[in-house]
Amino acid sequence: MIIDDNEFSRVLISVKLKKHGFHNLTIPDTSIDAWNDIANGHLSDKPFDLVITDLNMPGLDGMDLISKIKDDPLSEDLDIIVISADADQTIIKITKTLGACAYLVKPFITAELLAVVEAVLKGEEIPAVKGMFPQKSSL
């Protein structure tokens with residue numbers, strides 16, 4: 001699932017992922033729609049594997065969305081990658097504390113996004129990439 005309030009960003013990320021073989025994508029228009037889709041996915045026994053989300057969105061911002069996902073027993077194991085233009089280290093630390101497994105700063109390099117997505121989906125160690133919180137961290 002790709003969640004971003006900016007349509008261009010949603011399309012850009014989805015095109016990059018589809019070009020590399022990821023075709024089963026859900027791209028809701030809003031973060032509130034995304035939360036409803038996540039809940040409905042569990043109710044219909046078709047849970048999502050991965051959420052890629054922006055942080056700064058109207059309605060339900062990325063931090064609140066991460067909290068809702070991780071606080072819900074049905075979705076607490078859902079992997080979350082944050083892609084945001086916000087490079088503030090405090091924000092990055094907070095997203096890690098909330099349960100995001102990776103954080104990439106926009107603009108990101110496609111190869112880095114693909115490496116992180118593939119590692120998350122395979123359950124492998126997430127490679128360190130520029131702009132992402134470190135795998136081995138003293139945070």
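Cross-link check: pairs K16/K122; K70/K93; K46/K122; K19/K106; K16/K68; K18/K122 evaluated at a Cα-Cα cut-off of 25 Å; pairs beyond the cut-off: K16/K68.
Here the relative contact order of the chain, from alpha carbon pairs under 8 Å that lie six or more residues apart, stands at 19 percent. Tell me, which longest segment in the chain has none of the GluC sites (Glu not before Pro) that fall in DSSP loops with at most 12 further Cβ atoms within 10 Å? Answer - 1-75.
Heavy-atom surface analysis with a 1.4 Å probe gives region 20-139 a carbon and sulfur content of 51 percent of its accessible area.
Would you work out if region 1-49 is rounded, prolate or oblate? Take a ≥ b ≥ c from the square roots of the eigenvalues of the alpha-carbon gyration tensor; rounded if a/c is under 1.5, else prolate when a/b is larger than b/c, oblate otherwise. In terms of gyration-tensor shape, oblate.
A helix-only calculation puts the chain at -13000 deg cm²/dmol for mean residue ellipticity at 222 nm, using -39500 (n - 2.57) for each DSSP H run of at least four residues, averaged over all residues.
Could you tell me which of S9, I126, I27 has its Cα farthest along the dipole of the chain towards the positive end, charges placed at Cβ (Lys, Arg +1; Asp, Glu -1), taken about the Cα centre? Checking the options against the dipole of the chain, the answer is I126.
Along its principal axes, the chain has C-alpha extents of 37, 32, 30 angstrom, given from the largest down. The charge dipole of the chain, taken about its Cα centre with unit charges on the Cβ of Lys, Arg, Asp and Glu (plus for the first two, minus for the last two), comes to roughly 520 debye.
In terms of its Cα atoms, region 29-90 spans 37, 22, 16 Å along the principal axes, sorted from long to short.
The values are calculated or read from the model by the stated rules, or taken from the named source; none is laboratory data. Just so you know, these numbers come straight off a predicted model, no measurement behind them. Neighbour counts are summed over all protein chains in view; Cβ atoms, including those assigned to glycine, are modelled from backbone coordinates with ideal geometry. Keep in mind that these areas ignore ligands, DNA and RNA; they rest on the heavy atoms of the full protein, side chains included. Shrake-Rupley method; radii C 1.70, N 1.55, O 1.52, S 1.80 Å.
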